[in-house]
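Structure, as structure tokens:
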Amino acid sequence: MSPASITQGSTVADVVIAGTGFLPTLSVAISGTGVTVGSVTHVSQNVVNATISVADGAEVGARDVILDNG
């Protein structure tokens, strides 16, 4: 995922998630509370872009990025 981190209280459009086997129906979620995923754009079977927002009070630390091809 790039960028690898997002500051509390901010939204980053076009977060790049790379992998393999992504379908156009792919959904993205982030574990824990205070982090939300907005729009997800399927770029290719190896890349998706997502808009990710982190709340002001979100706990700092590593999160799991959960991908589901639907």
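Structure notes:
- In the range 48-70, the residue that is farthest from SER2 (Cα to Cα) out of those that are open to solvent by 40 Å² or more (accessible area, probe 1.4 Å) and part of a strand (DSSP E or B) is ASP68.
- When SER39, SER5, SER27 are checked against the criterion of being over 20 Å from GLU59 (Cα atoms) and either aliphatic (A, V, I, L, M) or open to solvent by 60 Å² or more (accessible area, probe 1.4 Å) (or both), SER39 stands alone in meeting it.
- Among the residues making up the range 25-47, those that are touching an Asp or Glu at 6+ places or on another chain (Cβ under 9 Å), of a type in the set (Gly, Ala, Ser) and assigned to a strand (DSSP E or B) are SER27, ALA29.
- Selection from the range 8-24 of residues that are in a strand (DSSP E or B) and open to solvent by less than 60 Å² (accessible area, probe 1.4 Å): SER10, VAL12, VAL15, VAL16, ILE17
The values are calculated or read from the model by the stated rules, or taken from the named source; none is laboratory data. Since the model is a prediction, treat every value here as computed from it, not as a measurement. Note: ideal-geometry Cβ built from the backbone for every residue, glycine included; neighbour counts use all protein chains shown. The protein model used for the area step is the full one, side chains on, heavy atoms only, and it has no ligands, DNA or RNA in it. Shrake-Rupley method; radii C 1.70, N 1.55, O 1.52, S 1.80 Å.
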